[in-house]
Every structure is written in structure tokens, then in C-alpha cells.
Amino acid sequence: MKMKHSALVAFFLLFALFVSAQDASLLKPPKGSKVALIVFEDLQCPDCRRANPLLNEAAKTYKIPLVRHDFPMPMHNWSMDAAIIARYLDTHSERLGDAYRDFVFEHQLEITPQNLRAMSEKFAADNKVTLPFVVDPKGDLAAKIAVDKNLGQRVGINHTPTIYVVSNTTQGKPFIEVADRSQLFQLIEAMKRQN
């Protein structure tokens, strides 16, 4: 009986890995791009803060898009609020939303649930935008974050940051998870050669 149970557990683990690999095929570069970086991130995650400069540098070096997906983790007490503010700023321009995300990562160690709003208002004012009193009155921005989180769950994300190099190639593997960030540039180069 114990062996039967072990075989059943092994089958489901293999099936879960297969489904995750299949679902990662949902990750594609933006239209018009052959290769892109995709990251699932939490604005309060210390490792996301450490990865952010490298991702920006790689995107700039290789002139490829950096596609950010919000994946706020439940143990972080202000990450969802910061993601909502980032989404609000995205409505003005994605560049502004990304600049806010970079700002949050840069100041992450100073941010608390009590001062997030004030720091975000200052960032917005410095960029000639007014942060409304209620940033997401209808929950539309939270719904977009939920879509990102759902995608991440379908792909099999269980930690942040989770980084992929993706391509629109029809030959070879169209995505690679970056397990070792010291290999990021080599992975991008390999993916570009596939195209």
C-alpha cells in the first residue's frame, strides 16, 4: 500500500511539473519583440529589490522589453498597496509606472505601511501627477493584479522574483527560467541566437 501511495505521489508531482512547463508557454514577448525578459515580482520582496538593477541593465544592454507582472506575496504588508499605486501610474504611462517600481525598490528599506502613501505622493508630485485620495475606487487595478497573480499561479510561480527569458521562436524552447542570475546575459544571448 505504501509503495502504491508513493507511486501515486510521484505521478502527481511529474504531472504538476508537466503542467507547469506547459503553462509557461503562455509567456510571450510583447508584439513586435523577438525576445523579452518577464519577471513576476513583489515590490516588498528583498530579493526582487536586489534583482531589479540587473534586469533593467539587461533590458537596456540587449534593447529588449522588461515585462513586469505583479505577484504580491501575502506575508508582505504593503506590497499590494504599492502594486495598486504602480498600476495607477501605469495608466498615465507604463514608463512612469516602471519608474515608480524602481523608486520603490530603491527605497524599499525605508518604506512602511504608514509612510508608503506619503512617499508615493512625493514621487507622483515630482513627476507632475496627482495621486487621488482613493487610488482604486472600483477595484479595477486590483483586478489587473489578480490577473497577473493568476497567470503566475498557472505558470507555477511560488517565489519572487521569478524571471524568464522568452522568445517568439517556433524552434527550440521559447522560454527559459533564470535560476542563476549570474547567467542572465548568457541566457539572453542564447535566446537571441535561436531567433
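Things worth noting here:
- Working from Cα pairs under 8 Å separated by at least six residues, relative contact order for the stretch 25-194 is 33 percent.
- Cβ-defined net charge surrounding Leu54, 13 Å radius [Lys, Arg +1; Asp, Glu -1]: -1
- Inter-centroid distance (Cα atoms) of the stretch 82-126 relative to the stretch 54-77, Å: 15
- Fully extended contour minus Cα-Cα distance, from Asp102 to Arg117, at 0.36 nm per residue: 3.8 nm
- Calculated [222 nm] ellipticity per residue, helices only, for the chain: -17500 deg cm²/dmol; basis is -39500 (n - 2.57) per DSSP H run with n ≥ 4, divided by all residues, nearest 500.
- Shape of the stretch 39-101, Cα gyration tensor, a/c cut at 1.5: oblate
- Matching label, Cα extents along the principal axes in Å computed from the structure shown, candidates (1) 70, 54, 25; (2) 54, 37, 26; (3) 60, 46, 30: (3)
- Of all complete DSSP H helices in the chain, those with a Cα span along the helix axis of 24 Å or greater and a mean Kyte-Doolittle hydropathy of 1.0 or more are 2-23.
- Taking other C-beta atoms within 10 Å as the exposure proxy, His107, His76 rank His107, His76 from fewest upward.
- Using a cut-off of 30 Å between Cα atoms, the listed pairs Lys138/Lys192; Lys60/Lys173; Lys63/Lys138; Lys63/Lys173 include Lys138/Lys192; Lys63/Lys138 as exceeding that distance.
- Whether the stretch 84-136 is rounded, prolate or oblate, judged on the alpha carbon gyration tensor where a/c under 1.5 counts as rounded: oblate
- Between Ile111, Ile38, Ile85, the Gaussian network model of the chain with springs among Cα atoms under 10 angstrom shows the greatest mean-square fluctuation at Ile111.
- The charge dipole of the chain, taken about the Cα centre with unit charges on the Cβ atoms of Lys, Arg (+1) and Asp, Glu (-1), comes to about 680 debye, rounded to the nearest 20.
Bear in mind that the values in this text are calculations on the coordinates, not laboratory data. What you see is a predicted model, and the numbers here were worked out from it, not measured in a lab. Positions of Cβ are backbone-derived with ideal geometry, glycine not excepted, and every protein chain shown enters the neighbour counts.
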